[in-house]
Every structure is written in C-alpha cells, then in structure tokens.
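None of the figures in this text is laboratory data; all of them are computed from the coordinates on show. Computed from a predicted model, the values in this text were never measured in an experiment. In this analysis, Cβ positions are derived from the backbone assuming ideal geometry, glycine residues included, and neighbour counts consider all displayed protein chains.
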Amino acid sequence: MVTLQFGYYGANTWLPSYLVQGLGINLKNVGWYVIFGFFYGVPYAILATYISESFPTKIRGTVVASTNAFGRAGSMLSPLMIGIVAEKYSIGYGIALMGISYALCALIPGLFIREKMYDPKSHK
C-alpha cells in the first residue's frame, strides 16, 4: 500500500505540472488526462477487494484500515522525494520513481501473495 499511495500521490502532485511546464500541454483542452486518472486510481479498488478477501471477517475491516493508514507514509514521501530527485537530476527521474512504485505494486502481490490467503469455506 505504501508503493501504491506513493505512485498515486506522486502522479496527482507532479504529473500535471510536468505536462504543463515540461511538455507545454494545455490540460484544459485535454480530455485524455481525466481518462488517465482512471487508470492510476483503479489499483485502489483492486487492492481493497484483494485484501478484504484474504482475511477472516472478524479482522477484515481492521486490516484494510491499517494497510491504508500505514500506506499514508507513501503519500507523504512521494511529493517530497520526487521534488528532491527532480531538483537534483530532472523531473523525468522523479516521474520514473512513480513508475518504479507502480511496478512494485504489480510485482509484490503477483510474486509473493497467494490468490486467497483465507478460505471462507474452511471456517465453520
């Protein structure tokens, strides 16, 4: 969740500025940016359902809330780290940090977490 929120808040904070100042795009006339926002917001819905099906009902709400709260570290670090990297190197490297965080969002569950850690049929 830390990497997911890192990428999401990085994209919301830095990507519009990069598109306008770095690439000269007028966001007022660009409808695709709204459609693009859909794509970097979708992982929240997927992750919430994935987490909720992986734990027993008694602790499900606590687990989802705790992972979101712990993930806020990514939302706090993202604008700061991207800004530091952009100032020291370039905004392209800062934007690359978001790509790395989203890649980790895909790799970690895909490689290390089973599809269902909790089987509701096994509990009576």
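Mind counting the residues in the stretch 39-78 that are under 17 Å from Tyr8 (Cβ atoms), in contact with a helix residue (DSSP H, G or I) (Cβ under 9 Å, 6 or more places away or on another chain) and among the aromatic types (Phe, Trp, Tyr)? Qualifying residue count, the stretch 39-78: 4.
Conditions (1) more than 17 Å from Ala48 (Cα to Cα); (2) not charged (D, E, K, R), marked per residue:
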| residue | (1), (2) |
| --- | --- |
| Val63 | no, yes |
| Phe70 | no, yes |
| Ser78 | yes, yes |
| Met81 | yes, yes |
| Val85 | yes, yes |
| Lys88 | yes, no |
| Met98 | yes, yes |
| Leu104 | no, yes |
| Pro109 | no, yes |
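Quick check on the stretch 37-90: of everything there that is touching a Ser or Thr at 6+ places or on another chain (Cβ under 8 Å) and of a type outside the set (A, V, I, L, M), which residue is surrounded by the most Cβ atoms within 10 Å (Cβ to Cβ)? Here the residue is Ser78.
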